[in-house]
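S.K.: Questions regarding the structure given below will be posed in turn.
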Amino acid sequence: MDLTLDLFKQDNLFDASIKFFSDELNVQITPETRESIDIKKFLTRSGIQSRRIDELWDNIDKTYFIGHIEGDGFLDEGAESKSLEEEIDKISGEKEYPGLMIFSLEAKPDFEPTRTDLAEMTRTLNRLSVAVPVLVLIRYKDQKLAFMLAERVKYKQAWREGEKIGKISILKDVSVDETHRGHLNILNEMRITKKSKVTNINELYFYWQSVFSISILNKAFYEDIIVWFNQAVKKIQIPDQKNGSEKHKDFTVRLISRLIFIWFLKELKVVKGELLIPYFLNGNKNEVIQPNSKGSGYYKFILQNLFFNALNNEPEERDSELYDQHTGSFDNPEKLKELIFYSPYLNGGLFEIHKNDWSDHETVNNGFKVPDDLFLDKD
């Protein structure tokens with residue numbers, strides 16, 4: 001079952017953060033005061049000051065030291081509570097990772113931080129925490145969240161040894177109201193379960209680092225693409241070709257390229273998401289794009305129109321009746337056309353009809369079939 005971010009709709013960010021870590025991620029944090037701390041006081045006390053830092057933190061309305069995770073106690077309740085002052089005093093001079101410090105930031109209403117802003121604030125808090133890495137959560141404009149985890153690496157110089165701050169891993173623009181499937185996948189991976197094989201704080205820290213790692217995310221993405229590719233070349237029917245043929249592979253690679261690109265266009269809000277999402281976040285079906293019966297209507301009517309009619313033509317050159325022999329599969333083809341023709345013309349070759357696209361807008365049964373379940377099945 002997917003985790004939920006609904007708890008971040010409440011006003012109290014401190015309580016929401018505690019519940020998120022304990023109830024959703026299965027990690028117990030020893031909570032601190034629910035009052036916002038005077039972050040600038042701590043930065044001044046630690047000698048962390050600059051005009052840039054002051055200006056950046058002026059955009060933050062409230063700063064909460066949510067608490068610390070340490071030892072093997074992050075799976076259990078009842079660890080000893082410490083204030084931020086006590087925590088900083090305790091870790092001064094430490095050379096190893098005694099834990100992980102968690103901060104939550106409430107931005108001022110109109111502040112929408114850049115990745116550079118988020119990295120700078122995380123580095124500031126990590127300098128404050130001395131030898132302990134920090135995980136920072138921020139809630140900002142339009143009910144969005146970002147999660148930042150600082151990497152700390154050892155350095156050795158002629159006159160001293162110590163720690164330095166490495167890269168900052170950032171998961172940005174996570175919508176509380178309409179959470180992107182990819183963001184949910186990452187946050188679900190942060191959950192600590194028996195499968196995670198995490199038993200102590202060091203393992204937790206490095207496990208979360210791996211979840212945030214772009215190489216791991218890319219690997220998971222490409223693994224999913226390979227699984228889908230293998231299914232597609234077996235299920236797609238091409239005239240006079242055995243399943244799995246080179247023509248199947250060639251067509252499927254082209255199809256994947258087009259789908260990835262239009263998903264990117266959807267993120268930019270220049271292609272309507274209603275054309276691509278078969279299930280809404282509440283689990284309900286998107287009935288507009290569901291064909292009335294099993295077949296290949298989704299590809300033949302919706303995707304072919306989107307690829308070859310809308311994205312490949314100027315609005316005045318589009319054919320309002322193209323692929324209409326497939327409209328019988330849908331209850332509201334006019335609504336679908338409205339959504340399809342919202343898309344702009346793209347001056348490029350990706351959506352030009354290829355000789356092996358088998359795009360047939362004159363007959364229904366042309367021996368070519370891209371099954372609906374490749375796109376519309378929930379799993």
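The values are calculated or read from the model by the stated rules, or taken from the named source; none is laboratory data. Here the structure is a predicted model, which means the values were calculated and not measured. SASA here: full protein model, heavy atoms, side chains in, ligands and nucleic acids out. Shrake-Rupley method; radii C 1.70, N 1.55, O 1.52, S 1.80 Å.
S.K.: As a test of reading the structure, rank T363, T327, T252 by solvent-accessible area (1.4 Å probe, protein chains only), most first.
M.R.: Descending accessible area places them as T363, T327, T252.
S.K.: Write down the Kirkwood hydrodynamic radius of the stretch 220-276, to one decimal in angstroms, obtained as one divided by the mean of 1/r over all alpha carbon pairs.
M.R.: Hydrodynamic radius (Kirkwood, Cα pairs) of the stretch 220-276 is 12.5 Å.
S.K.: Here is a follow-up. Amide H neighbours of T30 under 5 Å, counting only residues 5+ apart in sequence or on other chains, H built in-plane at 1.01 Å?
M.R.: Under 5 Å from the amide H of T30: H68.
S.K.: Which number comes out as Rg/Rh for the stretch 245-372 once both Rg and the Kirkwood Rh are worked out on C-alpha atoms?
M.R.: For the stretch 245-372, the value is 0.93.
S.K.: Enter the accessible area of S329 (Å², nearest 10), with the probe set to 1.4 Å and all protein chains included.
M.R.: 30
S.K.: Once the piece of chain linking I48 and E314 is laid out straight, how much longer is it, given 0.36 nm per residue of separation minus the C-alpha distance between them?
M.R.: Gain on stretching I48 to E314: 90.2 nm.
S.K.: Show me, for the stretch 48-59, the HN-Hα J-couplings you get by feeding each phi into the Karplus relation (A = 6.51, B = -1.76, C = 1.60, θ = phi - 60°), rounded to Hz, glycine and proline as x.
M.R.: Along the stretch 48-59, the couplings run 9, 9, 6, 4, 4, 5, 4, 5, 5, 6, 5, 7 Hz.
S.K.: I've got another one for you. Once the Cα gyration tensor of the stretch 180-336 is diagonalised, what are the square roots of 5 times its eigenvalues, in whole Å and ordered largest first, as equivalent ellipsoid semi-axes?
M.R.: Values for the stretch 180-336, descending: 36, 20, 16 Å.
S.K.: Report the convex hull volume per residue for the stretch 271-339, counting only C-alpha atoms, in Å³.
M.R.: 81
S.K.: Viscosity 1.567 mPa s, temperature 4 °C: give me the Stokes-Einstein translational D for the stretch 309-371 in µm²/s, with Rh taken as the Kirkwood radius over C-alpha pairs.
M.R.: In µm²/s, the coefficient rounds to 99.
S.K.: For the stretch 231-243, what does the Karplus curve 6.51 cos²θ - 1.76 cosθ + 1.60, with θ = phi - 60°, yield as ³J(HN,Hα) per residue in whole Hz, taken in order and with x for Gly and Pro?
M.R.: Rounded to whole hertz, the list is 5, 5, 5, 7, 8, 5, 10, 10, x, 6, 10, 6, 4.
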